[in-house]
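Presented below is the structure to which this report refers.
The values are calculated or read from the model by the stated rules, or taken from the named source; none is laboratory data. Nothing here was measured: the structure is a model prediction, and the numbers come from that model. No Cβ is skipped: glycine too gets one built from the backbone with ideal geometry, and neighbour counts run over all protein chains shown. Calculation scope for accessible area: heavy atoms of the full protein, side chains included, ligands and nucleic acids excluded. Shrake-Rupley method; radii C 1.70, N 1.55, O 1.52, S 1.80 Å.
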Amino acid sequence: MTTVAPSRARRIADLVGRARELGIVVALALVIIPTAFVNPRFVEAQGIRDLLLNASVVAVLAAGQTLVVVTRNVDLSVGSTLGLSAFLTAQTFADHPDTPIVLGLLVGVGVGLVCGVVNGLLVAVGRVPSLVVTLGTLYVFRGVDFALAQGTQINASNLPDELLDLGNGRLFGVPVLVLITLAVVAAAALYLRSYRSGRDLYAIGSNPEAAVLAGIPVPRRVFTAFLLSGAVAGLAGALWVARYGTVDAAAGTGLELQVVAAVVVGGVAIFGGSGTVVGAALGALLLGTIASCLVVLRIPAFWQQAISGALLIGAITVDRLLALRLARELRGRSDHDA
Amino acid sequence: MDLPQEQPLVVLDRVSKSFGAVAALTDVTLALAPGEAHALLGENGAGKSTLIKTLAGVHRPDSGRVLVDGAETRFSGPADARAAGIAVIYQEPMLFGDLSIAENVYTGRQPLKTGRRIDTKAMHAHTAALFDRLGVALDPVRPARGLSIADQQVVEIAKALSFDARVVVMDEPTAALSAREVDRLFDVVKVLRAQGTAVLFVSHRLDEVFALCQRATVLRDGKHVWDGALEGETPDGLVRRMVGRELSALFPKQDTTAGEVLLDVRRLTREGVFTDVSFQVRAGEIVGLSGLVGAGRSEVARAVFGIDSVDAGEVRVNGKALKLGSPTAAMASGIGFVPEDRRQQGLVVDASVERNVALASLGRLSRFGLLSRGAERRLAQDWAIKLSIKTARLGAPAATLSGGNQQKVVLAKWLSRRPSVLIVDEPTRGIDVGTKAEVHRLLSELAGEGVAVLMISSELPEVLGMADRVLVMHEGRLVDDIPRADATEERVALAAAGRPGVVS
Ligand SMILES: Nc1ncnc2c1ncn2[C@@H]1O[C@H](COP(=O)(O)OP(=O)(O)OP(=O)(O)O)[C@@H](O)[C@H]1O
Ligand SMILES: [Mg+2]
């Protein structure tokens, strides 16, 4: 067997793949270092913990969203799913204070699964474009949330201490919430990288027609992606309760846009086929960090939104340019003359 | 029907399939015996690809049965057909651009290690071994995006080989390959046959059919018209069965006197791709550009048309310097370009046939900036007849056309624009014998009207028959410029192998 030397094409593709994650790390440094000069406490242990904590809910959602986006779909209902799950989880604890924590988390996940099933069925079986379906369920889930809550709010005083400890406790100095986030991100990353059905998701997003011809059960895989995204959003809802201790029907409103922004900034192609969970989580961290920095630097909140938007457009532009460049590079240089 | 002695591996028994009003297959029967290479022949739109997709579980037949090992089987999708041991190489390569070549080969069947995780190392090694067997140097780890059509085809072939199929179906696998790769493929097919695999082979190149296959089935307009052993048959006889009439001679090149230089390419270089390429094409001339796949032929054409950038050199059209790197400028200067990869670069598959034909002539067809539907339709009708484009309606989306008919639409699009310099990359790829002659006649007619034609073709007889001059490329350099009188198969082949001018 002859071994083929790594082709130029491979090296270029590798480089582009890594460029994004490196870019985010550089961007993080660029925002953190000046902020640290203004306020050194920003980079002390507590400051870093806060940064990670603030980013964790969005990072969890971004991990689930990545599964959907790589298949050339989108799940806009995650904010509402989170809200619904948060309310129902909190209510479970409020009504039955003796509920074991794990069971409470499972309630959240279960609510998310139900939402995911609805989305998945409509997209995969009903063949309605996911943008339309999840835009619809964004309102439906939120509506159900409001109907159930009927204007009530559940406060920390109604919730068991163990739950609040989970949201604010630490293990070896690291917030438990951050550990859970890392676990979700790692699991999703492993699934997408190393499991057949995970790779199928990329194939579907890359070339749907070829995916069918290759015998990939496309509807089933897309359904699974929505199911997982829903479950993750459900879990995020339960974590939300643990972290904030106060829940009303509006919890998580508008979160979906932050999540999609994080995913795209993190290098997941919005037209499917490429991107990683780790990238998406880093994207969430970057957006969260920028928000925190702006607070420290006392820059008005509306700038925060403008900067997130600019970053998003910047990321998409860079993506586009890189993709064009990559396509050009890959084309002319055939491996035959390598 | 003369059925082979052994139990056939698969049988399509009186299968019919319609798309709306179009009857793509009517009562077609086909049996594949172990160890045979079976040719499936027919004009563009005869139903070959539809038959294959029925065998592959993509289409469900409207009526008729599919038998595997004598037992009736119902495929509910491509996965079922694959589980039954049927591997298909589709007419248009179907790859995942974002995934690595190895993943493309092993989609859904990646080798696993503990915990059902994909064993990437093993996958890369298996893929490299397959490429070894095919004699190609492709890096299994690189992404599939950007591969040439020929390389994509090689990946598809590797994919079919990778799962030890009992039936391998190849829908025009050689259309984009040059002689060397075709030879390799034939060797592979021989090995497969020796293992008892049945091979169903579609090609419009009859010499290949005779070299490779023992039996053939001929379709015409979706109906089975003949099947039997190829021994004792002649190409002419097969063509007659395919088209149902006699054909005029192929390669009807008229003699023309070359006029002034219309296309002047000077020292064009794109680093790592081609180097110092200079040539001229005169009015009324057809210049063939030959060479192995990967020699840089298509890349030169793409650079001249401005799709790819160049690092050095210039191009003059009609004496005026052309702004490089801009297809718009190239079109404005009068260059027309029929690209190699029609699905990706030549055709808007979701748009109608007539819109596709009119696409390059929009300027001429519109008045006050509005496009005249009537003019668009007349233009399309005109060309549909000239190239016998087979479609239910001119308003149907181009995606519903058969492969060869899609190719004709791309040709029509550029020919109708009346360029002064026409660059065609594999103009007859996937086009049947009857229409091939028609395309050749059209090209030669255009040359007769004073168009300068640069024709890239992997089909040597086509180049020799059509070209006034043959340029040969080898590893990115122009190595030979052979006048028509001296252009022999041997000389071109030697030059393509990097040994120009050594004729014994
Ligand atoms: N999805 C579809 N919708 C409508 N018509 C179709 C579709 N697929 C194929 N057809 C029609 O069925 C007929 C047979 O097409 P098919 O692709 O089988 O031809 P073919 O023999 O493979 O031709 P070629 O040599 O050009 O590849 C054609 O008239 C084509 O337009
Ligand atoms: Mg076909």
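Odds and ends about this structure:
- Candidates B:Gly70, B:Gly20, B:Gly77 - the one that is within 14 Å of chain A (Cβ to nearest Cβ), small (Gly, Ala, Ser) and farther than 15 Å from B:Lys223 by Cα: B:Gly77
This table checks each residue for (1) open to solvent by less than 10 Å² (accessible area, probe 1.4 Å); (2) more than 11 Å from ligand 1 (Cβ to nearest atom); (3) within 26 Å of the chain's Cα centre (by Cα).
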{"position": "B:Arg14", "(1), (2), (3)": "no, yes, no"}
{"position": "B:Ser18", "(1), (2), (3)": "no, no, yes"}
{"position": "B:Ala21", "(1), (2), (3)": "no, no, no"}
{"position": "B:Val28", "(1), (2), (3)": "yes, no, yes"}
{"position": "B:Ala33", "(1), (2), (3)": "yes, yes, no"}
{"position": "B:Gly42", "(1), (2), (3)": "yes, no, yes"}
{"position": "B:Ala46", "(1), (2), (3)": "yes, no, yes"}
{"position": "B:Ser49", "(1), (2), (3)": "no, no, yes"}
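- Filtered residue count, the range B:151-179, keeping only those that are touching a helix residue (DSSP H, G or I) at 6+ places or on another chain (Cβ under 6 Å), within 16 Å of ligand 2 (Cβ to nearest atom) and either open to solvent by 10 Å² or more (accessible area, probe 1.4 Å) or of a type in the set (Val, Ile, Thr) (or both): 2
- Only one of the numbered conditions (1) out of contact with any strand residue (DSSP E or B) (no Cβ under 8 Å at 6 or more places or on another chain); (2) open to solvent by 10 Å² or more (accessible area, probe 1.4 Å) is not met by A:Gly237, and that is (2).
- Residue list for the range B:119-136, restricted to those being closer than 23 Å to A:Ser274 by Cβ and open to solvent by less than 10 Å² (accessible area, probe 1.4 Å): B:Met123, B:Thr127
Yes/no matrix, rows are residues, columns are (1) open to solvent by less than 70 Å² (accessible area, probe 1.4 Å); (2) more than 14 Å from the chain's Cα centre (by Cα):
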| site | (1), (2) |
| --- | --- |
| A:Ile32 | yes, yes |
| A:Gln46 | no, yes |
| A:Val78 | yes, no |
| A:Ala90 | yes, yes |
| A:Leu105 | yes, yes |
| A:Val111 | yes, yes |
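- Qualifying residue in the range B:55-67 (condition: open to solvent by 10 Å² or more (accessible area, probe 1.4 Å), hydroxyl-bearing (Ser, Thr, Tyr) and away from every other protein chain (no Cβ under 14 Å)): yes
Yes/no per residue for (1) more than 14 Å from chain A (Cβ to nearest Cβ); (2) away from ligand 1 (no atom under 15 Å from the Cβ); (3) under 30 Å from B:Glu354 (Cα atoms):
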position	(1), (2), (3)
B:Leu401	yes, no, yes
B:Lys413	yes, yes, yes
B:Leu442	yes, yes, yes
B:Leu460	yes, yes, no
B:Val470	yes, yes, no
B:Pro483	yes, yes, no
B:Thr488	yes, yes, no
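- Condition check for A:Ala236: touching a Ser or Thr at 6+ places or on another chain (Cβ under 8 Å) and more than 11 Å from chain B (Cβ to nearest Cβ): yes
- Identification of strands (runs of 3 or more DSSP E) wholly contained in the range B:215-329 with 1 or more residues that are not assigned by TED's automatic domain parsing to the domain that holds B:Glu459 yields B:215-220, B:223-229.
- Considering the conditions (1) open to solvent by 10 Å² or more (accessible area, probe 1.4 Å); (2) touching a Leu at 6+ places or on another chain (Cβ under 8 Å), B:Ser76 is excluded by exactly one of them, (2).
- Scanning the range B:216-229 finds no residues that are within 16 Å of ligand 2 (Cβ to nearest atom) and at pLDDT below 85.
- Some residue of the range B:112-130 being more than 10 Å from chain A (Cβ to nearest Cβ), among the aliphatic types (A, V, I, L, M) and free of Cβ contacts under 8 Å to residues at least 12 places away in the same chain: yes
- Condition check for B:Ile101: more than 7 Å from chain A (Cβ to nearest Cβ) and open to solvent by less than 20 Å² (accessible area, probe 1.4 Å): yes
- Pairs with Cβ under 6 Å, 6+ apart, first in the range B:425-447 and open to solvent by less than 10 Å² (accessible area, probe 1.4 Å), second in a helix (DSSP H, G or I) and within 16 Å of ligand 2 (Cβ to nearest atom): B:Thr428/B:Lys436; B:Gly430/B:Gly403; B:Gly430/B:Gly404; B:Gly430/B:Gln407; B:Ile431/B:Gly404; B:Ile431/B:Gln407; B:Asp432/B:Gly404
- Residue check, B:Gly404 touching a Lys or Arg at 6+ places or on another chain (Cβ under 9 Å), open to solvent by less than 10 Å² (accessible area, probe 1.4 Å), within 17 Å of B:Asn44 (Cβ to Cβ) and not β-branched (Val, Ile, Thr): yes
- Only helices (runs of 4 or more DSSP H) whose full extent lies in the range A:140-230 are considered here, and the ones with at least 2 residues that are within 14 Å of chain B (Cβ to nearest Cβ) and within 30 Å of A:Ala323 (Cβ to Cβ) are A:176-194, A:196-206, A:208-213.
- Selection count where residues are more than 16 Å from ligand 2 (Cβ to nearest atom), over 20 Å from B:Leu206 (Cα atoms) and of a type in the set (A, V, I, L, M, F, W, C), scope the range B:33-55: 1
- The range B:64-96, residues that are touching a Ser or Thr at 6+ places or on another chain (Cβ under 6 Å) and away from ligand 1 (no atom under 16 Å from the Cβ): B:Val66, B:Phe96
- Of all residues in the range B:56-71, exactly one satisfies the criterion of being within 16 Å of ligand 2 (Cβ to nearest atom) and out of contact with any strand residue (DSSP E or B) (no Cβ under 6 Å at 6 or more places or on another chain), namely B:Val58.
- Selection within the range B:137-150: residues that are surrounded by 22 or more Cβ atoms within 10 Å (Cβ to Cβ) and within 17 Å of B:Arg184 (Cβ to Cβ). The member of this set that is nearest to the other protein chains (Cβ to nearest Cβ) is B:Leu138.
- For B:Gly395, the requirement of being open to solvent by 10 Å² or more (accessible area, probe 1.4 Å) and at positive phi is not met.
- Residue-level check: of (1) buried (at least 24 other Cβ atoms within 10 Å of the Cβ); (2) touching a strand residue (DSSP E or B) at 6+ places or on another chain (Cβ under 8 Å), A:Asn73 misses just (2).
- Candidates A:Leu312, A:Leu324, A:Leu297 - the one that is out of contact with any Cys (no Cβ under 7 Å at 6 or more places or on another chain), at pLDDT below 90 and under 30 Å from B:Ser298 (Cβ atoms): A:Leu324
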